[in-house]
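Quick notes on the structure that follows.
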Amino acid sequence: MQFIPQILFILAFTVAVLFFAKNVKLLRRNILLGKEVERKDNKNIRFKKMMRVALGQSKMVTRPIAGILHVIVYVGFVIINIEVLEIIIDGIAGTHRIFSFLGPVYDFLIGSFEILAFLVLLSVIIFWIRRNVMNIKRFLSKELKGWPKNDANYILYFEVVLMVLFLSMNAADYQLQQNAYEGYVEAGAYPISQFIVPLIENMPNSSLLILERSAWWAHILGIFIFLNYLYYSKHLHILLAFPNVYFSNIEKQGKFKNLAAVTNEVKMMMDPEADPYAEPETDGEEVPEKFGASDATDLSWFQLLSAYTCTECGRCTSECPANQTGKKLSPRKIMMDTRDRLEEIGNNMNQNKGEFKDDGKQLLDDYISREELWACTTCNACVEACPIGIDPLSIIMDMRQYLVMEQSAAPAELNNAMSNIENNAAPWPYNQQDRLKWAEEGV
C-alpha cells in the first residue's frame, strides 16, 4: 500500500511526458513545413541577442508597467520550477522535501520561492484587471474576441490557482513541522505562508495531512496539465521565445531580400546597352517555382516558428501607423492568422495519415485580406516593437510578392508605376528622351 502514491505519481508523470512529447513532435513537423532559410550564421551575435532579449527581457521593459510585471512572472516561473524538481523527485522516490539537507540554503530557497509566488500572484491579478477591466486599446481589438481572450484569462486563472496551492501546501507543511508530525522535519523558511497558518493551526494532524497532500497533488498535476496546455495556447512562447530570438533576423531593418534573377533583370532593363534578349544571371541562386507566398507552407520555417511564438501582446499593432489611422491592418492578426492556418493544415495532415489533402483554402483571402496587405507602409514599427523578435512585415512582403509576381494583382497606382519603370526606366509616364524637357523650358 505504501508504494501506491509513488506508482500513481509515476503513471501521471509518464502520461504528461508522453503527451508533451507528442505535442512537441507535431509542433516541429508543422514548423518544418516551411521553406528553408539560412539562420545559422553569426552564432555569437545570435547568442548575445538571445541572452539580452529573451533572457534579459530588454525589450519588455520599454513599457515599464507591463514589462516589470512580466519580468516578475517570468522570474517566478523560472525559479519556482526548482521547487517543482524537488516535488518530482519526492513523488518518484517516495521522499519528502529531499533537498532539505541543504539546511540554510534550503531555507533561503523556499523563502525566495514564497516571496516570488506572492509577487506572481499580485502581478497576475493586475494583468487580469488590465485585460478585463481597464479599457486598454490593444486588448480590445476584434482579433482578441472569443478564444484568444479566453485563453489569456485561462492562463491567468491557472497561475493564480498554482500559486495558491503552492502557498497552501507550504502552510500545512509548516504547521505539521511545528506539531512534530512524523516525517515532517523542520526545513525551509515560510515568510508568506506563515500568515495562512492561523487559519489552520487548530486543525488536527490528520486534516492537516490531507490538506498538505491534496495541495501537493493538485499543484503538481496542475503543472503537468499546464505544460501540455501550452501547445494550444498563446503561452507557447514560454518554450519558443528563446529559439525565436536566436533565429530572428540580425540584418539591418529595412533591408529586404531580393532574388538575384529579378534584380539582374531590372538592371539589364535599365541598361541601354544590354541585350534585350539575354537571360539575366542568377548568381547561382535557384529561381523558385513560385514567387512569394499565398499559403502558410510557402513561408519560411522561421516565419512559422514566429507564428507559434507570438504572445498576442499587441505591441506591434499599437505601434502600426496604418492601424492607428484606421486601416484594417493589424500585424498581430497577421501572426495569429498564420498560426491558425498552419494549425488547420496540421489537422488536415493528422486526419489523412500525414498527407495534406487540398481543402480549397489558403492563407491569402481566406485568412488575410489584400486590403490588409496593401495597407502596410513597410516602416518596420511592428518589428521594432516585438519583444521576442517576430517579423510580421516579412510575411506581408512575401504575400505582396505573390500578388505582384504571380497574379499581377497590385493596386492600380503601383501597377502604373511599375509599367512606367519597365517602359521608361522611371516611375513617371515620360519617355527617356522627354525627361529633361522641363530643364530646357527654363533656359
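The values are calculated or read from the model by the stated rules, or taken from the named source; none is laboratory data. All of these numbers come straight from a predicted model, not from anything done at the bench. We place every Cβ from the backbone using ideal geometry, glycine too, and count neighbours over all the protein chains shown.
Structure notes:
- Within the range 231-254, considering residues that are in a loop (DSSP other than H, G, I, E, B) and touching a residue at least 40 places away in the same chain (Cβ under 8 Å), the one farthest from residue 54 (Cα to Cα): 254
- Residue within the range 104-123 that is of a type in the set (Gly, Ala, Ser) and under 30 Å from residue 15 (Cα atoms) present: yes
Rundown of residues vs (1) out of contact with any strand residue (DSSP E or B) (no Cβ under 7 Å at 6 or more places or on another chain); (2) farther than 23 Å from residue 236 by Cβ; (3) among the basic types (Lys, Arg), yes/no style:
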site	(1), (2), (3)
327	yes, yes, yes
336	yes, no, no
346	yes, no, no
355	yes, yes, no
371	yes, yes, no
377	yes, yes, no
388	yes, no, no
396	yes, no, no
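- Considering the conditions (1) touching a helix residue (DSSP H, G or I) at 6+ places or on another chain (Cβ under 6 Å); (2) closer than 22 Å to residue 109 by Cα; (3) in a loop (DSSP other than H, G, I, E, B); (4) not aromatic (Phe, Trp, Tyr), residue 165 is excluded by exactly one of them, (3).
- The range 363-372 - residue that is touching a residue at least 40 places away in the same chain (Cβ under 8 Å) and surrounded by 16 or more Cβ atoms within 10 Å (Cβ to Cβ) and, of those, nearest to the chain's Cα centre (by Cα): 363
- The helices (runs of 4 or more DSSP H) located wholly in the range 375-441 that include 2 or more residues which are farther than 28 Å from residue 323 by Cα and not small (Gly, Ala, Ser) occupy 412-424, 437-441.
- Flag for residue 147 being touching a helix residue (DSSP H, G or I) at 6+ places or on another chain (Cβ under 6 Å) and more than 22 Å from residue 172 (Cβ to Cβ): no
- Just one of (1) out of contact with any Ser or Thr (no Cβ under 9 Å at 6 or more places or on another chain); (2) more than 29 Å from residue 242 (Cα to Cα) fails for residue 365. It is (1).
- The residue that is surrounded by the fewest Cβ atoms within 10 Å (Cβ to Cβ), counting only those in the range 111-143 that are more than 20 Å from residue 222 (Cα to Cα) and in contact with a Gly (Cβ under 8 Å, 6 or more places away or on another chain), is 111.
- Candidate set: the range 169-228, residues that are outside any helix (DSSP H, G or I) and β-branched (Val, Ile, Thr); chosen: the one surrounded by the most Cβ atoms within 10 Å (Cβ to Cβ): 192
One line per residue, one yes/no per condition, for (1) outside the structural domain of residue 95 (by TED's automatic domain parsing); (2) aliphatic (A, V, I, L, M); (3) closer than 23 Å to residue 195 by Cβ:
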{"site": "147", "(1), (2), (3)": "no, no, no"}
{"site": "151", "(1), (2), (3)": "no, no, no"}
{"site": "160", "(1), (2), (3)": "no, yes, yes"}
{"site": "163", "(1), (2), (3)": "no, yes, yes"}
{"site": "173", "(1), (2), (3)": "no, no, yes"}
{"site": "178", "(1), (2), (3)": "no, no, yes"}
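- Cβ pairs under 8 Å, 6+ apart, first in the range 133-148 and in a loop (DSSP other than H, G, I, E, B), second modelled with pLDDT of 90 or more: 136/130; 141/314; 141/317; 141/330; 141/332; 141/333
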